[in-house]
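The structure appears below as structure tokens.
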Amino acid sequence: GALVYQYPRRTICKSGTSMRMECQAVGFQATSVAWYRQSPQKTFELIALSTVNSAIKYEQNFTQEKFPISHPNLSFSSMTVLNAYLEDRGLYLCGARDWGQDTQYFGPGTRLLVL
Amino acid sequence: GDSVTQTEGLVTLTEGLPVMLNCTYQSTYSPFLFWYVQHLNEAPKLLLKSFTDNKRPEHQGFHATLHKSSSSFHLQKSSAQLSDSALYYCALSAGAKLTFGGGTRLTVRP
């Protein structure tokens, strides 16, 4: 079956430091990977969409300078939160799209706490 | 742009009663519609997905029918169970991007 793994599941970082999170698709080829943030009391905010053979597209209020993303192949993506502050807290979800099924599968998320 | 509107906030039901969570959407294209369910401290899981041939998807007793005329994809279940208590998100996909509704928290009481 189609599975998406994310690592780490939970992380704590000091304010102003950076942390990197990873996403891996297993059992299918992820032709696109979307990174979302679910903040407390909020729905999902799309951070950026990375599609194979296309430039990574960031949504308004999110920038490459703050959330650089790497998507080197069809099964792996990583995103870094640079200079994390309190407002960056939340659950970061990776959604990998199986184009053949036209379905997006989510990983379990990386929960970021900032002290 | 694309948008999804769901039954807002909290829905509380007694076990055994029918469930209906509303979802309407706006899209320039003919999108796929999805329902995701998120239990406490877990990531969202795919519950249902619309079909292109208008078949009604069903899973775990839930079903939803895509009505293009009214741009709706309401989630229904004939009899609520305690284990159905969770956050439910309606989402649409008109390309590689998913657009989510605001989420509806369903609480089922004994």
What per residue convex hull volume, in Å³, comes out for chain A when only alpha-carbon positions are used? 94 Å³
So the B/A interface buries, both sides summed and with a 1.4 Å probe, an accessible area in Å² (nearest 100) of 1500 Å²
Shielding score for A:87-95, defined as the mean number of other chain Cβ atoms within 10 Å: 2
Is the C-alpha gyration tensor of chain B telling us rounded, prolate or oblate? Criteria: a/c under 1.5 is rounded; beyond that, a/b larger than b/c is prolate, otherwise oblate. prolate
Probe 1.4 Å, protein heavy atoms only - accessible area per residue of the protein assembly as shown in square angstrom: 51 Å²
Can you grab the distance from the C-alpha centre of the stretch B:41-110 to the C-alpha centre of the stretch A:37-115, Å, no decimals? 23 Å
Filtering chymotrypsin sites (Phe, Trp or Tyr not before Pro) in the stretch B:1-39 by DSSP loop and by at most 16 other Cβ atoms within 10 Å leaves B:29
Net charge (Lys, Arg +1; Asp, Glu -1) of residues whose beta-carbon lies under 13 Å from that of residue B:106, residue B:106 excluded, is 0
Probe 1.4 Å, all protein chains in place: accessible area of residue B:79 in Å², nearest 10? 50 Å²
Check: the protein assembly as shown dipole with +1 on Lys, Arg Cβ and -1 on Asp, Glu Cβ, in debye: 260 debye
The set of residues whose placed amide H lies less than 5 Å from the amide H of residue B:2, leaving out same-chain residues fewer than 5 positions away, is none
Accessible-area value, residue A:113, 1.4 Å probe, nucleic acids and ligands omitted, Å²: 50 Å²
So which trypsin sites (Lys or Arg not before Pro) in the stretch B:5-110 end up in coil per DSSP with only 13 or fewer other C-beta atoms within 10 Å? B:55, B:68
How much accessible surface area, in Å² rounded to 10, belongs to the heavy atoms of residue A:63 with a 1.4 Å probe? 60 Å²
Rounded to whole Å, √(5λ) for the Cα gyration tensor eigenvalues of the protein assembly as shown, largest first, gives 30, 21, 15
Counting partner chain Cβ atoms within 10 Å of every residue's Cβ in B:82-89, what's the average? 1
Among B:37, B:85, B:66, the residue whose Cα sits farthest towards the positive end of the charge dipole of chain B (+1 at Cβ of Lys and Arg, -1 at Cβ of Asp and Glu, taken about the Cα centre) is B:66
Under a 10 Å cutoff between Cα atoms, tell me which one of B:47, B:13, B:75 has the largest fluctuation in the Gaussian network model of chain B. B:13
Output ³J(HN,Hα) for the stretch A:14-31: one whole-Hz value per residue in order, computed from phi by the Karplus curve 6.51 cos²θ - 1.76 cosθ + 1.60 with θ = phi - 60°, and x for Gly and Pro. 6, 4, x, 9, 10, 8, 10, 10, 10, 9, 9, 8, 10, x, 7, 9, 7, 6
Ranked order, A:65, A:22 - accessible area, probe 1.4 Å, largest first: A:65, A:22
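The values are calculated or read from the model by the stated rules, or taken from the named source; none is laboratory data. Note that the coordinates shown come from a computational prediction; the quantities given were computed from them, not determined experimentally. So basically every Cβ, Gly included, is an ideal-geometry build from the backbone, and we count neighbours across all protein chains shown. Remember, those area values only see protein heavy atoms, side chains included, never the ligands or the DNA or RNA. Shrake-Rupley method; radii C 1.70, N 1.55, O 1.52, S 1.80 Å.
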